[in-house]
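Accompanying notes for the structure given below.
Readers should treat all values here as calculations from the given coordinates under stated rules, not as data from a laboratory. From a predicted model like this one, the values you see are computed outputs, not experimental measurements. Ideal geometry is used to build each Cβ from the backbone, glycine not excepted, and the neighbour counts take in all protein chains shown.
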Amino acid sequence: MHRRRFWIGVLISLICLALALAGVEWGQAGAALRQADWRYLFPAGGAFLAYLVARAIRWRILLGSKVSLADAFAVVNVGYLVSNVFPFRLGDPARAMVIGLKHKIKTSAALSTVVVERVLDMLTVVLLLAATLPFVAASGWIRQTGILAGVVALVALMVLAALAQRPDWGRRAWQWSLARIPLLRVDQVRWEGPLEGLLEGLAALRSARDVVGLAAWSVVAWMFAIGYSFAMLRAFLDQSSLAAASFLTCATGLGMALPSSPGAVGVYHSVARYALQLPFGVPEETAVVAAFALHTFQYVVVCLLGLIGLLQQNLSLGQLRSSVATITHLEE
C-alpha cells in the first residue's frame, strides 16, 4: 500500500512537471534567467528566514516553555529537510519524534501541536486568499479550493478547540470507538498513553492569550512568506504587485495538499506557473523560471538549515527516518 502511495505521488509530480514545462520556449526561458536581478535574493532570504523564525515562535507557544526557541527553530528546519528528501511527507511526524526524543514532551502531544499548526496555516491562507481575490482577474479552481479548505479548516479548529476545553469528550469518543471496533480493543492499553498525549498537546488552545498569540504569529509568518514571494518575483518582473505575490503564496500553499514526490517537485512548479500566468499575464517562460527559482531557493535554504538542526540535536537522517517509519508504520 505504501509503495502504491509512493508511486502515485511520483506520477502526480511527473504529470505536474510536464504541465509546468508545457509550451516553454527554452531560448526565452534562458533569456529570462540571464536578465534576472539576483540582488533580490538578499531580501528574499531575509523574508524567508523570518518566516521560519515566526513558525518556530508559534510552535513554541503550542509546545510550552519546556522547549527553547532555538530548539523549536532547529526542529522546524529538520522537519522541512525530512519532507524534502523522504517520501510520504514525514516532516511533521519527524518533528514530533525529535521533540519526544530530546525534550520532556510526549511524541503524541507534539503530534497534536503539529495538527493545530496545519489547521492554523490553512485558515490563514484562506483568509489571505479572500483578501487577495478582489485584485485577481481570474482565480478559477483556487477560489473553490480555498472555500473548501476554509470550511474544512474551520470545522477542524472547532473540534480541536472543543477537545482542548473538554478533554473528557475525547475520552468518551475513544470509549465509544472501543465499544464498536473490536480491533481497537486489542490494543486498548497501547493507545491510552498516546490519547492522553494528544489531548495534552491541545493545552495552548485553553488560554485566550495563547490563542491570540497563535493567530498573530500565523499572520506574521504568512506575511513574511508573501514578502519572500514578492522579493523573488521582483528579480524576474519589472513590475510585481503584492496581489501577485499573495495569490502565488496562497495558491502554492493550497497546492501542497496534493500527493507528490519529496519536496513537492512538479506540483509546486505547475501551481506557481499558472498562478502567475493565468491571472496576471506573466509570460510563460518567465513564470516557469520564477517558479523554479522560488522553489529551488527555499529548498536549498531549508535543507542546509535542516542539516544544521540535525547536528544541534545530535541526530542523523537515517536514525530519524527509521524512528519515524516505526511510529507511522511505513515499514513493511
Candidates G263, G318, G150: whichever shows maximal mean-square fluctuation once the chain is modelled as a Gaussian network with Cα springs under 10 Å
G318
Magnitude of the charge dipole, the chain, Cβ model with Lys/Arg +1 and Asp/Glu -1, debye to 20
800
How about segment 15-106: which trypsin sites (Lys or Arg not before Pro) there lie in a loop by DSSP and see at most 10 other Cβ atoms within 10 Å?
K104
Quick check: from the Cα gyration tensor, does segment 76-127 come out rounded (a/c under 1.5), prolate or oblate?
oblate
Helix-only mean residue ellipticity at 222 nm for the chain, each DSSP H run of n ≥ 4 adding -39500 (n - 2.57), per residue, nearest 500
-26500 deg cm²/dmol
How high is the FRET efficiency from I147 to N314, r the C-beta distance, R0 45 Å, rounded to 0.05?
0.50
What nm distance separates the two modelled labels at S241 and L101, each placed 7 Å from Cα along Cα→Cβ?
4.8
What percent do you get for the relative contact order of segment 48-328 when only Cα pairs under 8 Å and 6+ apart count?
30
Percent relative contact order for segment 1-143, counting Cα pairs under 8 Å at least six residues apart, stands at 14
Within the under-10-Å Cβ sphere about G23, not counting G23, Lys/Arg +1 and Asp/Glu -1 give a net charge of -3
Length released on extending from Q35 to L11, taking residue separation times 0.36 nm less the Cα-Cα span
5.3 nm
Can you give the angle from 0 to 90° between the axis of helix 242-255 and the longest principal axis of the chain, with both taken from C-alpha atoms, to the nearest 10?
50
